[in-house]
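Engineer: So that we are looking at the same thing, I have put the structure below in structure tokens.
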Amino acid sequence: MRIPDANLAEVFDRGFTVVESFLDKETLRACQEALWEIYPRPEDYFADPEAHPRFARSQFAGLRFFPYPSWAINRVCVYPDLIDAAERFLQTTEIDCYKIELWAKYSGAVDYDQAHHRDYENHTIVVPRADQLMPQMTCFILLSDVTELDGPTKAVPLEKTRHIPIGITRTEMGEFFDDEVAVTGPAGSILIYKTDVFHRGSNFKAPGRSRFVMPIDFKKRGWRWQGKLAWPDRALNPGWKEAMVKMTPRQRDLFGWPPAGDPYWNAQTLADVALRYPGIDLSPYGAHAEEPTPAEA
Ligand SMILES: O=C(O)CCC(=O)C(=O)O
């Protein structure tokens, strides 16, 4: 669903917003089913947690970066309403998707409790502006139902922490527990927050529970001090080629693909990109490609 303007405004006023039923049912269902190509189904995990020791290594052991083997997951990252929300939040169509993850947590694997922190430390090499200009849009798409029992993210409304200089990134464990809001919601919901918002991961409150989310982040193109992943470094991973072939030019652009009309495109690059990405429709780029240079002709 289209994120209402009021929710985007809430991200600036309160620091975060939660929108239910963001993903349509079919996209969500297909994505959930494809998760089991990557992660153990909860019933399999809990039948024998010791058979899955990797999830006990750290709170972050269930993180996997884009791309994923299945288009059913990869397409969620470029969901049209997500792109629309990022464009409206950042007030431009010139945007980069700078980080995509999946994150699986299983109750009892490890203690997932965290102290409140601001995320910006590994999203920018400087700090966010206190006047809210030049923000980054960070999101969690919930791929499983998240209740109070399921280790919800807990976020502190901005008004409670405005007195803390932006340069401070962590609080003492427990300091804002009375002010925090649990980000709960049915699968398909989205949390949108800013990188200066104090929040934390929390532990499960019952056995046999699990939580699956897709954290995904956007920035305005050209703000080179912001970012996280370099997409060329992910381009040899399973699923990348299929994703690039299936995406529209608008969706590819989020990863830094040269746009139609860019001087990059000429007869040679069109031919060789087609070799690298069998099945891709390059006609939107070819229509604007430069004539071959004499060396290519
Ligand atoms: O998993 C969560 O709910 C939040 C985790 C978090 O804030 C972090 O690791 O930076």
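Engineer: Cross-chain or 8 or more residues apart, Cα under 14 Å: how many lysine pairs in the chain fit that? Count them up, please.
Structural biologist: Counting lysine pairs in the chain gives 10.
Engineer: How charged is the neighbourhood of PRO69? Take every other residue with its Cβ under 14 Å from the Cβ of PRO69, and add Lys/Arg as +1 and Asp/Glu as -1. Can you show the working numbers first?
Structural biologist: Working: positive: ARG64, ARG75, ARG234, LYS241, LYS246; negative: GLU33, GLU37, GLU242.
Summing Lys and Arg as +1 and Asp and Glu as -1 gives +2.
Engineer: Another question, then. If you find the alpha carbon centre of the range 164-179 and of the range 105-121, how far apart are they in angstrom?
Structural biologist: With the range 164-179 and the range 105-121 each reduced to a Cα centre, they are spaced 15 Å.
Engineer: Could you state the number of Å between the C-alpha centres of the range 124-148 and the range 201-263?
Structural biologist: 15
Engineer: Which value, in debye to the nearest 20, describes the size of the charge dipole of the chain about its Cα centre when Lys and Arg Cβ atoms bear +1, Asp and Glu Cβ atoms bear -1, and nothing else is charged? Present the calculation step by step, with values, prior to reporting the outcome.
Structural biologist: Working: 34 positive and 43 negative charges, 66 e Å.
Dipole of the chain, to the nearest 20 debye: 320 debye.
Engineer: For the range 5-242, with every protein chain kept in place, what is the accessible area per residue (1.4 Å probe, Å²)? Don't skip to the answer; put the middle values down first.
Structural biologist: Values: 10290 Å² over 238 residues.
With all protein chains present, the range 5-242 gives 43 Å² per residue.
Engineer: Antiparallel as a % of all DSSP beta bridges within the chain, to the nearest 5? Walk me through the numbers before you get to the answer.
Structural biologist: Working: 35 of 36 bridges.
In the chain, approximately 95 percent of DSSP beta bridges are antiparallel ones.
Engineer: Okay, next question. Just need the Rg to Rh number for the chain, please, alpha carbons only, Kirkwood Rh. It would help to have the intermediate numbers written out before the result.
Structural biologist: Working: Rg = 20.4 Å, Rh = 20.5 Å.
Rg divided by Rh gives 1.00.
Engineer: Round to a whole number: what % of the accessible area of the range 23-155 belongs to carbon and sulfur, probe 1.4 Å?
Structural biologist: 53
The values are calculated or read from the model by the stated rules, or taken from the named source; none is laboratory data. None of the values given here were measured: they were computed from a predicted structure. Note that each Cβ is placed from the backbone with ideal geometry, even for glycine, and that neighbours are counted across all protein chains shown. To get the accessible areas, we keep the full protein, side chains included, count just its heavy atoms, and leave off ligands, DNA and RNA. Shrake-Rupley method; radii C 1.70, N 1.55, O 1.52, S 1.80 Å.
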